[in-house]
Amino acid sequence: MNTRTEKDEDRRFNESGIEIKPLYTEAEVAASKVENGEDDDIGAPGQYPFTRGIHREMYRKRPWTMRQYTGFGNAEDTNERFKYLIATGNTGLNVAFDLPTQCGFDSDDEMAKGEVGRVGMAIDTLKDMEIAFDGIDIQNVTVSLTINGTAAIMIAMYLVMAEKRGFDLKGLRGTCQNDILKEFVGRGTWIYPVEPSVRLVADTIEYCAQNAPLYSPVSVCGYHIRESGATPSEEIAHAFCIAKAYLDEGLKRGLEIDAFAYRMSFNFNIFGQFFEQICKFRAGRRLWARILKKQYGAKNAKSMWLRMIAGGGGSGLTIEQPENNIVRGAYYALISALSGAQTIALCCYDEAYTIPSPKAQRLSLRTMQILIEEMGLTDTVDPLAGSYYVETLTNQLETEIIRIMDDVEKRGGIIKLISNGEIQAHVSKGAYEHQKQLESGEFRKVGVNCHEIEEEDQVVEMHPYKIEDVEKQEARLKKVKQQRDPAVIGKALENLGKAANGTENIMPFLIEAVKAYATVGEMNQVLTSVFGRYREPDIFKEHANVAAE
Amino acid sequence: MMGKTRKLRILLAKPGLDGHDVGAKIVARSLIDAGFEVRYTGLRQSPEDIVIAARDFEADVIALSILSGSHLPICTRLKVLIDEYQLSDRLWIAGGNIPAEDHQSLHQIGVDAVFNTSTSLSDIVAAIKEKASEYAN
């Protein structure tokens, strides 16, 4: 408490390195005011700078979308789980793909051995996409595709599937993750070198702006950068630098900022300290609005909105005493609800072990529903506004995020720093330092370095990996291939190659190939033959030299 | 296998398509700090890539990081190549999201030590030193 004298060992800092004082008053709020801010930085919800939320009524009008992450085995398995999730109250879907699909390999590829359907659903052709969403009203239960390396292919498949089902693309909603720059920092499902990878993202942005204007082709992820070792303020700063890089690509295509910025969405992490997380979102929301208005000259308020999914929290979970993860999940959900997130995807307590069981999925969903139905979290907007601590920390985090963004800019910009591995090296050093603090006990983690118990045998039920699902998938792929017209496929892939070689938007050519039931692997092979493959920079080189001396 | 004049060499590899490299990079830094010579392969290595890298680096230790659940098929395929490339005298370790029930199967395939995501860095370093000295004798 604040009755103690402030000795050095009593000083406390949050993960962003900001000192936390024992008490906050109006004086701290005033002293922390952000440089070049507005007269009134807090403002009203639904109004610039949107500190209090992007909508006037927020959850009072509509609670956040509940979008649990799922997908495994083949399209039938996943379709069944989707329907279970919808039946238990999910209001959106968040699709997990297996690694071969994410990395551009067909299920019968040598590189796919042992990985088909393991961490997500296998998609080889349009046929699988059709089965996965069969019987699901994808306009009311919107779908988020968590895929990056092959995102352009998956968006093409999704749009073709939706159109075949009779949905008008002009009104189709949905999201694709499609944030390739962060894949080079964390998550790692890159395929092509940085430059053509960014071109593909720009192609999807341009195509959707013109053909599917309500579809969000990109969800910029601070999430995985945070998981990889970044602090909360670095998470937001790097994500904003990446988002700006995509906006700049859109502008280079001749799009007006207000013609596409409003479809940009974001994905952020929710593990960490309670107030730091909440203020991170409030600070980020305000800063994004300022960036769009002041740096990009956006006129439409929707372009300034930080629309976000707050999710996961996987790195906050522990193998030790996995039931503790249920409690952590509840706090993470509360953080999201107090942060004004549009969508929440809450981690499941068994995630440190396995693909979540239906029961664990339901428990995470119920955690959010309890906040909505019992706890009154949807009754009033941004209830923490005006708290001396919350407003001070919001100001301080915004200032810190701006500092990091400026630093990235000064050092050559985010694309350069990702290409040469500097961001990766910095973030992974952060993860190493954190791990050392965890092991020394300096960073406290319940069940890990304090309040440990003699662990009982594993209490979670492991997700079964069924080899027959893989066989089924391979059989379907074979059958689809047999039923195709080789001349049509050949022509479509040839056209795709030509487009990749040129500067035209590649999306219409992917769509043509998808309609002919070209496989993910075939399309990826064409693109790889033109673009080449990404090679990771060696971030340990400095050490290798030291070792050689 | 180990020369007395040089540092113990560890090849740290990410087999298969798994992109979770936070742990591998943490372990790499920790092993470097512990005085080992470490080469990190980066992501998406085929079993062939791994044995070739181990041979060329003259690795004393082949370390795998796998979080996708594909450890059994990957290690089974790798075993054949490790024998073929005459690397079976090297210490072979694996870490990641590996359920306890699979540890025995991995040992049977030929993996010398298995670590899970909650193993401390100091335990990994100690285990490598201990196992490596067993090998040296």
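Close amide H contacts of A:Asn267 (hydrogens built in the peptide plane, cut-off under 5 Å, sequence separation of 5 or more or a different chain): A:Val220, A:Cys221, A:Gly222, A:Tyr223, A:Ile309.
If one computes the Cα centroid of segment A:109-176 and of segment A:274-318, what distance in Å separates the two points? First find each Cα centre; the distance between them is then 27 Å.
For the pair A:Glu471 and A:Gln525, the difference between a 0.36 nm per residue extended length and the Cα-Cα distance amounts to 17.1 nm. DSSP assigns beta bridges within the protein assembly as shown; of those with both partners inside it, close to 5 percent run antiparallel. With the helix formula -39500 (n - 2.57) applied to DSSP H stretches of n ≥ 4, chain A reaches a computed 222 nm mean residue ellipticity of -15000 deg cm²/dmol.
Measure up A:Lys359/A:Lys429; A:Lys182/A:Lys280; A:Lys170/A:Lys280; A:Lys113/A:Lys244 against 30 Å on the Cα-Cα distance and list the ones that go over.
Correct reply: A:Lys359/A:Lys429; A:Lys170/A:Lys280; A:Lys113/A:Lys244.
Considering only Cα atoms, the convex hull volume of chain B works out to 94 Å³ per residue.
Shape class for segment A:406-539: oblate, because the ratio a/c of the largest to smallest gyration tensor axis (alpha-carbon atoms, square roots of eigenvalues) is 1.5 or more and b/c is at least a/b.
Across chain A, Cα pairs under 8 Å and at least six residues apart give a relative contact order of 19 percent. Seen through its C-alpha gyration tensor, with square-root eigenvalues sorted a ≥ b ≥ c, segment A:429-497 comes out oblate because a/c lies at 1.5 or above while a/b is not bigger than b/c. Shielding value for A:116-128 is 1, the average number of Cβ atoms from other chains within 10 Å of each residue's Cβ.
One chain, two ends: A:Leu214 and A:Lys491. Fully extended at 0.36 nm per residue, the span grows by 96.6 nm beyond their Cα-Cα distance. Short-range pairs are left out: with C-alpha atoms under 8 Å and at least six residues apart, the relative contact order of segment B:10-137 is 25 percent. Using bins of 20 Å that start at zero, the share of Cα-Cα pairs per bin across the protein assembly as shown amounts to 18, 53, 27, 2, 0, in whole %. Taking every C-alpha pair closer than 8 Å and separated by at least 6 residues, the mean separation divided by the residue count of segment A:438-549 gives a relative contact order of 18 percent. For a Förster distance of 35 Å, can you work out the FRET efficiency between the beta-carbons of B:Asp56 and B:Asp33, rounded to the nearest 0.05? Rounded to the nearest 0.05, the efficiency is 0.90. For A:Lys33 and A:Gln295, the FRET efficiency from 1/(1 + (r/R0)^6), where r spans their Cβ atoms and R0 equals 25 Å, is about 0.80.
Going 7 Å from the Cα of A:Glu456 in the Cα-to-Cβ direction, what parts of segment A:333-349 have a backbone nitrogen less than 18 Å from that spot? Residues A:349 qualify, since their backbone N sits under 18 Å from the label point. Which of rounded, prolate or oblate describes segment A:47-437 when judged by the alpha-carbon gyration tensor and an a/c cut-off of 1.5? Rounded, since a/c falls under 1.5.
Taken as entire DSSP H runs, the helices of chain A that both span 24 Å or more between Cα atoms along their own long axis and average -1.0 or more on the Kyte-Doolittle scale are A:194-211, A:232-252, A:274-290, A:388-410.
Which FRET efficiency value, to the nearest 0.05, do you get for A:Lys515 and A:Phe443 by plugging their Cβ-Cβ distance into 1/(1 + (r/R0)^6) with R0 = 51 Å?
Once the sixth-power term is evaluated, E becomes 0.45.
So which of A:Lys436/B:Lys25; A:Lys436/A:Lys541; A:Lys127/A:Lys515; A:Lys127/A:Lys478; A:Lys436/B:Lys131 end up more than 18 Å apart, counting from Cα to Cα? Write out the running numbers ahead of the final one.
Working: A:Lys436/B:Lys25 13 Å; A:Lys436/A:Lys541 22 Å; A:Lys127/A:Lys515 10 Å; A:Lys127/A:Lys478 12 Å; A:Lys436/B:Lys131 23 Å.
Too far apart for the 18 Å limit: A:Lys436/A:Lys541; A:Lys436/B:Lys131.
Within segment B:1-102, the trypsin sites (Lys or Arg not before Pro) that combine a DSSP coil assignment with at most 10 other C-beta atoms in a 10 angstrom radius are B:Lys4.
No lab work stands behind these numbers, since they all come straight from the coordinates. Since the structure is predicted, the reported quantities are computational estimates derived from the model, not experimental observations. Glycine gets a Cβ as well: all are built from the backbone with ideal geometry, and neighbour counts include every protein chain shown.
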